[in-house]
Amino acid sequence: MFKIRLIYILIFTIGLFSCSQQDNKQLPIYNPVDFKPKLVDKSVRNISKNHTVADFSLTNQNGINITNKDYENKIYVVDFFFTSCPSICPIMTNNMIKIQDEFINNDDIMLLSMSVTPEIDTVEVLKKYAIEKRVNDSKWNITTGSKKHIYELARKSYFAVVEQGDGGLQDFIHTPNFILIDTKKQIRGIYDGTDDKEISRLLKDIKVLKGQLHPRYTQ
């Protein structure tokens, strides 16, 4: 009987330890120097602390101007896509839908997609795409805007692409990366948006960030 009780105590203790380990997990804060140099624009490559993503101004699927103010005090996931992409973008969009559905009732978690072909992805095109993909307008903004502005955000704020460019007519970026941003506009994780294991890791990391803000949060 004593041995059985001892086994139960050990199992209980290990369980508590595992929960504690999860609760105490700390996500890194990424600065430009933490990325491979080829991912970072030369103008910000040597920054080693206090990096935050830049302010933005875009137009969403409903023709509404969306800015960083709409994401103030939010945890959010960013990706770069285009609606006519036949390869990785459909997979990425399906995985963004998984994130949307996982946190559908949590207003503190949002999503932001930026078109890398904004001259083609007009508001009308984005609206049709959003309806087809079951996008929740209050949680997920699929956006178009100035190509130069979007490409600069990709290269100088989110470090999502390898190729250097000027945002001109011949410039084109294509990346599978999902970028996790915290309430202080800091990068807290980078994930392959086409990989199921990476999406599972992202979902867990969002919950870690949320739990650190609100310790009682359990979703």
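The values are calculated or read from the model by the stated rules, or taken from the named source; none is laboratory data. Nothing here was measured: the structure is a model prediction, and the numbers come from that model. Don't worry about glycine lacking a Cβ; one is built from the backbone with ideal geometry, like all the others, and counts go over all protein chains shown.
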Within the range 32-85, the residues that are touching a Lys or Arg at 6+ places or on another chain (Cβ under 6 Å) and either buried (at least 19 other Cβ atoms within 10 Å of the Cβ) or at pLDDT 95 or above (or both) are Pro32, Thr52, Val53, Gln61
Within the range 40-60, the residues that are touching a strand residue (DSSP E or B) at 6+ places or on another chain (Cβ under 7 Å) and over 11 Å from Lys185 (Cβ atoms) are Ser57, Leu58, Thr59, Asn60
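Do we find a residue being at pLDDT 95 or above and part of a helix (DSSP H, G or I) anywhere in the range 174-181?
From the range 174-181, those at pLDDT 95 or above are 178-181; that's our starting set.
In the following step, the residues that additionally are part of a helix (DSSP H, G or I) were identified as none.
So far as the range 174-181 goes, no, none of its residues is at pLDDT 95 or above and part of a helix (DSSP H, G or I).
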With the first residue restricted to the range 106-133 and required to be farther than 24 Å from Ser157 by Cα, and the second required to be part of a helix (DSSP H, G or I), Cβ contacts under 8 Å at 6 or more apart or on different chains are Asn106/Lys210; Lys133/Thr93; Lys133/Ile97
Margin query: Regarding the range 114-132, can at least one residue be identified that is hydrophobic (A, V, I, L, M, F, W, C) and within 15 Å of the chain's Cα centre (by Cα)?
Written below: yes
Result of the Cβ filter at 9 Å on the range 193-204, keeping first residues that are touching a residue at least 60 places away in the same chain (Cβ under 8 Å) and partners that are surrounded by fewer than 18 Cβ atoms within 10 Å (Cβ to Cβ) and not small (Gly, Ala, Ser), at least 6 apart or interchain, is Gly193/Ile88; Gly193/Ile91; Thr194/Ile88; Thr194/Ile91; Ile199/Lys98; Leu203/Lys98; Leu203/Glu102
Conditions (1) touching a Leu at 6+ places or on another chain (Cβ under 9 Å); (2) touching a residue at least 60 places away in the same chain (Cβ under 8 Å) -> Cys85 fails only (1)
